[in-house]
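Participant: Provided herewith is a single structure, encoded as structure tokens, for subsequent inquiry.
Just so it is clear, none of the values below were taken in a lab; they were calculated from the coordinates. Just so it is clear, the structure is predicted and the values come from calculations on it, not from any experiment. Here the Cβ positions follow ideal geometry from the backbone for every residue, glycine too, while neighbour counts run over all protein chains shown.
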Amino acid sequence: MAGKYLFTNNATSILRIDTPAASTTITVPTGEGVKFPTPTAPDFAMVTLEDRRSGQLEICKMTARSTDVLAVTRAQEGTTAQSFLAGASVSNRMTAGTLAGIQSSGSFLPIDGSQPMGGNLDMGNHTIINATLDGGTF
């Protein structure tokens, strides 16, 4: 997926209205939309719809947000588009696809010592320039 993954901490709400499987929008209660990221193309956030009453689960790609309405692409990461009843949960969660996408972008460094970390490190008012951590004792 092109663009950056966007996240907010603890973004969870519920569906304000029933949401048919073909719907490309998700509506949360008034004032709840602010909990979620506000993506602009090509950036996006992943949201999960879950209804524990029925056992349903679906992952969606959120491409925009206007107040309390989330624009989504349904049926992501091997899930199926489903109709959800009002009251089902909506959350900005970490998903397996999100982690795989971040990892494939090279944003993660291996922690086995096989690749040293180097370059400039901004530490607020202090900067370390051209430091290399090579697995030695600290």
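Participant: Determine, for each peptide in 51-64, 7-20, the mean count of other beta carbons within 10 angstrom over its residues, then list the peptides with the highest first.
Facilitator: Ranked by mean Cβ neighbours within 10 Å, highest first: 51-64, 7-20.
Participant: Here is a follow-up. Find the relative contact order for segment 12-104 and round it to a whole percent, using C-alpha pairs within less than 8 Å whose residues are 6+ positions apart.
Facilitator: 36
Participant: So, one more: Determine the distance separating the Cα centre of segment 53-73 from the Cα centre of segment 1-45; give it in Å without decimals.
Facilitator: Between the Cα centres of segment 53-73 and segment 1-45 lies a distance of 5 Å.
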